[in-house]
Amino acid sequence: MNEYRGKHAPSHPWPVASTATVPSRRGRHQKKSRRRRVWLIVALVLLLLVVLYPFAEPRLILTVDPFEINTSSLHLPDNMEYLRVVYISDIHYGHWYSAWDLNRLVKKINDLYPHILILGGDYGTDFESAIQFFGQLQKYHLNVRLKSYGVLGETDYIGEDIDITRLTDAMKNANIIPLVDATDTISLIPASNADSTQTIKNGKVCIVGADDYISGSSDLKSLAYSTDVGSSEYVIFVSHNPTVIPYAQKQIDRNSTFDWFELGLFGHTHGGQMRGFASLLEIADDVPERYQEGKIFENRSWLLVSRGIGTSVVPCRLFCFPQVHCIDIYPD
């Protein structure tokens, strides 16, 4: 006798599927969601790095730019293979360039062990911070074999109650010779060994420092015609702003020649500071494009325009690394 299954009960009940045979979609969705989260985190990290990198570049990167010059103008004593000049500019000491940064810079300079150190101006963000810069510099020992020099930039004139004597005294206290429209010579060959009949073989190097083009008052004609320039074998002309280059090249020395300096050192431009955004920052937009950055051989002289060390307008650099210039001058 058949068992009663109810009115609506099928004669053949649906089989109950085993849970093991039912495909689960939850794992696949979880994996996709996890991948999305990972990529989102990676994208956010990359975005953060892109945003922070311009702030980190001037603090973490400090390059040494080597430059070799061969010249027949300079004669060195037998114990010198070359004359090493280290040049830096535009430090902008202050809130965005600290004592820690300065300490790192001094170590980099000392590692190069220069014969001559030249500072190209814009030491702080204004007059007072420039004095603070040299006060801090006093605490460090610079390994300079001969002499250290410094010229002034436009930010060194910013502020109230400007007293350039205060600033030049601070420079002297840090063993930096201030060249504010002034010259100084270094005799590499002792007078007893120099050829007294030919001044061209006296081994003298003259450093000519022009006052700032924007805020100072430079007399290029007098500098070029000075006795130090006329009696020296090799002349290094230093001016913060490269805008003066064409004017300097028009001056003549005591020998009635226009190529009165062999090497010109300049700063001010920061090399644009941020590649691709330089026009927005308007840094040194008064400087001709030809003199914005790099090395140029012009009018029988080498010209070097530095990207500098610090920053201006914004505390950022973008693929425009801070530079310490190491110039080795070899006699032919």
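Choose one answer from MET171, MET80, MET274: the residue with the largest mean-square fluctuation in a GNM of the chain with alpha-carbon springs under 10 Å. Ranking MET171, MET80, MET274 by mean-square fluctuation puts MET80 first. A Förster distance of 25 Å, applied to the separation of the beta-carbon atoms of ILE41 and PHE319, puts the FRET efficiency at 0.45.
State log₁₀ I(q)/I(0) for region 229-332 at q = 0.14 Å⁻¹ as given by the Debye formula over alpha-carbon point scatterers of equal weight, solvent excluded. Values, matching the q order: -0.58.
Taking every DSSP bridge with both residues inside the chain, close to 35 percent are antiparallel. The angle between the Cα long axis of helix 99-112 and the longest principal axis of the Cα atoms of the chain comes to about 60 degrees, rounded to the nearest 10. Here the chain is treated as a Stokes sphere of Kirkwood radius computed over C-alpha pairs; at 20 °C and 1.002 mPa s its diffusion coefficient rounds to 94 µm²/s. Listed cross-link partners LYS108/LYS295; LYS147/LYS295; LYS107/LYS204; LYS204/LYS295; LYS139/LYS250; LYS139/LYS221 are compared with a 31 Å cut-off, the Cα-Cα value being larger for LYS139/LYS250; LYS139/LYS221. Taking ASN103, ASN202, ASN79 as the candidate residues, the one with maximal mean-square fluctuation in a Gaussian network model of the chain, Cα springs under 10 Å, is ASN79.
Under a Gaussian network description of the chain, with springs only between Cα atoms under 10 Å, the residue in ILE91, ILE245, ILE162 that fluctuates furthest is ILE162. Here the Karplus relation 6.51 cos²θ - 1.76 cosθ + 1.60, evaluated at θ = phi - 60°, turns the backbone of region 273-289 into coupling constants of 6, 10, 4, x, 10, 4, 5, 6, 6, 6, 7, 6, 6, 7, 7, x, 4 Hz, with x for every Gly and Pro. Arranged from fewest to most other beta-carbon atoms within 10 Å of their beta carbon, GLU81, GLU160, GLU57, GLU298 become GLU160, GLU81, GLU298, GLU57. Near LYS147, the amide H atoms lying under 5 Å from its own belong to LEU117; only residues 5 or more places off or on other chains count, and H is placed 1.01 Å from N. Computed from backbone phi with θ = phi - 60° and the Karplus coefficients 6.51, -1.76 and 1.60, the 3J(HN,Hα) list for region 168-173 is 5, 5, 5, 5, 4, 5 Hz; x is used for glycine and proline. Among VAL151, VAL86, the order by Cβ neighbours within 10 angstrom, fewest to most, reads VAL86, VAL151.
Fewest neighbouring Cβ atoms within 10 Å first, the residues HIS95, HIS325, HIS270 line up as HIS95, HIS325, HIS270.
FYI, it's all coordinate maths here, none of it is from the lab. What you see is a predicted model, and the numbers here were worked out from it, not measured in a lab. Here Cβ is always computed from backbone atoms with ideal geometry, including for glycine, and neighbour counts include all displayed protein chains.
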